Amino acid sequence: MESISVFEIIKVGIGPSSSHTMGPWNAAELFLNLIRKNRNLTDVKEVFVEFFGSLAKTGIGHGTDIAGMLGLSGEDFKTIDTTKIGEKIAAIKAAKALKLGNEVDVPFIYGHHLILNMKKSLDFHPNGMIFKAVFNDGTELEQDYYSIGGGFVATQQETSADEVLTRTLYPCHHGKDVLFYCDKLGVSFSDLIYINEESWRTREETEAHALNIWENIKDCIYKGVNQTGMLPGGLRVMRRAAGLNRKLLGEDKHYTSRDEWYQMVIDAEENFVNINKWISCFALAVNEENANFGRIITAPTNGASGIIPAVLMYSQAFTDYIGDDKVIRFLLVAGEIGTLFKKNATISAAMGGCQAETGVSSAMAAAGLTEIMGGTPAQVLMAAEIAMEHHLGLTCDPVAGLVQIPCIERNSMGAIKAITAANIAIESDPANARVTLDEVIQTMWETAQSMNERFKETSEGGLAIAVNIAEC
């Protein structure tokens, strides 16, 4: 087992789903590269993509079809103007053609060249898809891909994670490894990750990367608290972050920039109720942006993208644990906890339900917060364990296949649980704990394997059935 950089777990992404939007988008890019490796894009007569299992069943609500078309068009989700996505898709459908890899026009009829197969699943993983290119000489090239969570893509032979896997100086694949090396070296949890991240980049580059993530987080929250109206998809879900932001700041308060707004948040009246409302506001803001195909921070997935921003913003606005150094150490520790779940369980809701998304993110946030509060490595792991312990068995049952109900509110709940877990851990002696993080990760994976498939991002069980709204 090799290591994964924390910045492959916490990274810039696009909504509404890491596994159902970013994953298929990445797969389309991989397929374009596969064509280029074997032939030229100009040799392609037609291209097809078929989505199976969870990708098909919640594909429209999660934007899987949109991701497939834009990915094949050569668009990059890290740089695309998200406000132009709708018109780009409309143009493809109207023209019944797309520019493959932004190089050559090929026919593309929705429902013929792109199919959502809801009756069949591929054996390797619930999030399966098959791309096929037909060339002018009649030959074909076909490849299956699987979106395994967090935007990572796999074939049956290899995974996109292979590109970011390496062997660090002090490999940490389990919680016990973290404790061993921290004790051996006499360092904090974040110091250990600082050392290991040097396998990918310099310390200065790691710090710059983490602070860039922080800037993106603030950008996303700021955008979310200034957007009103209804979210797309047909559920008629109204945005709430903007209204909550106005009430908490005061209707008479005005600002003209992100930094001015941020200072107003810091200066706002602090009491238990208000702070709790702000935490919810931050989480809602991010996940409303996620639901609207906005640019967010995947941490470790898009469905759970509001938790770490909410907890980190809470720490910087309402506690004494502030400053760039604290932000960096929070993100390093949070990201490393995410790698433990990815390597030993799953961060895919299609594999493990929402415990694999909001549960993992809550554990990550709890660990990061405990680290900057001065917790020992054992207390940091304890916080992560507590947070996950109280997400075990959480189902993924998105109403109408959209990342809105219950997903948006669930991030607020996950953020509060993370803060509670950190507060409990920082006041506890881990020597008295009866459950370890490694044990709860194993339990989460066993729970995932036992969970009925209807509750794994299919919209075929739970709230998705009780609310009785067809996929939009």
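A few remarks follow.
- Within the range 164-203, the set of residues being in contact with a Lys or Arg (Cβ under 6 Å, 6 or more places away or on another chain) and either of a type in the set (S, T, N, Q) or not assigned by TED's automatic domain parsing to the domain that holds Gln442 (or both) comprises just one member, Ser190.
- Subset of the range 92-134 [under 19 Å from Asn38 (Cα atoms), out of contact with any Lys or Arg (no Cβ under 6 Å at 6 or more places or on another chain), of a type outside the set (Lys, Arg) and outside any loop (DSSP other than H, G, I, E, B)]: Leu100, Val104, Val106, Ile130, Phe131, Ala133
- Checking each residue in the range 47-65 for being in contact with a Phe, Trp or Tyr (Cβ under 8 Å, 6 or more places away or on another chain), of a type outside the set (Ser, Thr, Tyr) and either under 20 Å from Val399 (Cα atoms) or part of a helix (DSSP H, G or I) (or both) picks out Gly59, Gly63, Asp65.
- Qualifying residue in the range 85-92 (condition: of a type in the set (Val, Ile, Thr), buried (at least 22 other Cβ atoms within 10 Å of the Cβ), within 24 Å of Asn292 (Cα to Cα) and under 22 Å from the mean Cα position of the chain (by Cα)): no
- Of all the listed residues (Lys326, Lys342), the sole one being touching a Gly at 6+ places or on another chain (Cβ under 8 Å), surrounded by fewer than 24 Cβ atoms within 10 Å (Cβ to Cβ) and in a helix (DSSP H, G or I) is Lys342.
- Scan of the range 85-127 for residues that are basic (Lys, Arg) and in contact (Cβ under 8 Å) with a residue 12 or more places away in the chain, ordered by number: Lys88, Lys93, Lys96, Lys99, Lys120
- Options Met451, Met388, Met364, Met444: the member that is in contact (Cβ under 8 Å) with a residue 24 or more places away in the chain, surrounded by fewer than 24 Cβ atoms within 10 Å (Cβ to Cβ) and either under 20 Å from the mean Cα position of the chain (by Cα) or within 30 Å of Tyr146 (Cα to Cα) (or both): Met451
- Qualifying residue in the range 35-46 (condition: part of a helix (DSSP H, G or I), basic (Lys, Arg), assigned by TED's automatic domain parsing to the domain that holds Glu140 and surrounded by fewer than 21 Cβ atoms within 10 Å (Cβ to Cβ)): yes
- For the range 401-421, a residue qualifies if it is crowded, with 22+ Cβ neighbours inside 10 Å, of a type outside the set (S, T, N, Q) and under 26 Å from Ile465 (Cα atoms), and the qualifying residues are Gly401, Leu402, Val403, Cys407, Ile408, Arg410, Gly414.
The values are calculated or read from the model by the stated rules, or taken from the named source; none is laboratory data. The model shown is predicted, which means the values in this text are computed figures rather than measured ones. Note that we place each Cβ from the backbone using ideal geometry, even for glycine, and neighbour counts take in every protein chain shown.
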